[in-house]
Structures are given as structure tokens and as C-alpha cells.
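The block underneath contains the structure these notes are about, expressed in C-alpha cells.
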Amino acid sequence: MTAPSPRQIAVALEYDGQGAPRVTAKGRGELAQRIIETGREHGVAVEENAVLAQALSAVELDDQIPEELYRAAAQVIAFVLSLRGEMKHVRRDGISP
């Protein structure tokens, strides 16, 4: 296993269907790798999106994501729900018909 890049960023979101998703974990380098590994160990879908991760890394822990990131986060949530089979149809923009 190669060492994680110090530039690698991971951000974990939690969405309970109310309000906006919240940032529940974030980190760079080794911490980012641990966040990803822990998520995978618990069956959490991992979406690789460096631009979104960078933007979300500025959000404080336990804060809801800002409105300007709603669409990008909605696409990730729609992707995760489609993997779980909880959404029958998901368009590329992350909005279900």
C-alpha cells in the first residue's frame, strides 16, 4: 500500500433527509485515508470528487453545507441512493424525475 498524498482530502457528509447535509468528518493525508477506510469498512459509498472535497473542507465540522454547494452535494447523495437502490431513476444532474 502506498502512502497517502498529503494533498488528498476526504470529507464525510451525513444527510438525514432534513435540512442540508452536515460535514461529519474531514481531513488531509493520512487522516483522509483513515476517513475513507472507515467509511468503506462501514459500507459507506465513496465518491471521488476532488473539487467538491476541497470546497467542503472549508465547512466546519457538524455545520450544514452552504447553499452554493447544494447541487453538487445533491448529485453525490443521488449517486449513493442509486447504489443502494433507494432511487429508481437518477438523472446525471442528481435530480430524480
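The values are calculated or read from the model by the stated rules, or taken from the named source; none is laboratory data. Not measured: the values here are computed from a predicted model. Because the Cβ atoms are built from the backbone with ideal geometry, glycine has one as well, and the counts that use them run over all protein chains shown.
Among the residues of region 66-88, those that are more than 10 Å from Pro21 (Cα to Cα) and outside any helix (DSSP H, G or I) comprise Gly85, Glu86, Met87, Lys88. Of all residues in region 11-65, those being part of a loop (DSSP other than H, G, I, E, B), aliphatic (A, V, I, L, M) and closer than 14 Å to Val80 by Cα number 3.
Yes or no: region 81-91 includes at least one residue that is under 25 Å from Arg7 (Cβ atoms) and either touching a Gly at 6+ places or on another chain (Cβ under 7 Å) or at pLDDT below 95 (or both). Checked against the condition, which is being under 25 Å from Arg7 (Cβ atoms) and either touching a Gly at 6+ places or on another chain (Cβ under 7 Å) or at pLDDT below 95 (or both), region 81-91 yields no hits at all. Taking each residue of region 30-57 that is closer than 20 Å to Ala78 by Cβ and looking for partners that are loosely packed, with under 15 Cβ neighbours inside 10 Å with beta-carbon atoms closer than 6 Å, six or more apart or interchain, yields Gly39/Val46; Ala45/Leu83.
Taken together, the residues in region 8-43 that are in contact with a helix residue (DSSP H, G or I) (Cβ under 8 Å, 6 or more places away or on another chain) and within 16 Å of Leu61 (Cα to Cα) amount to 12.
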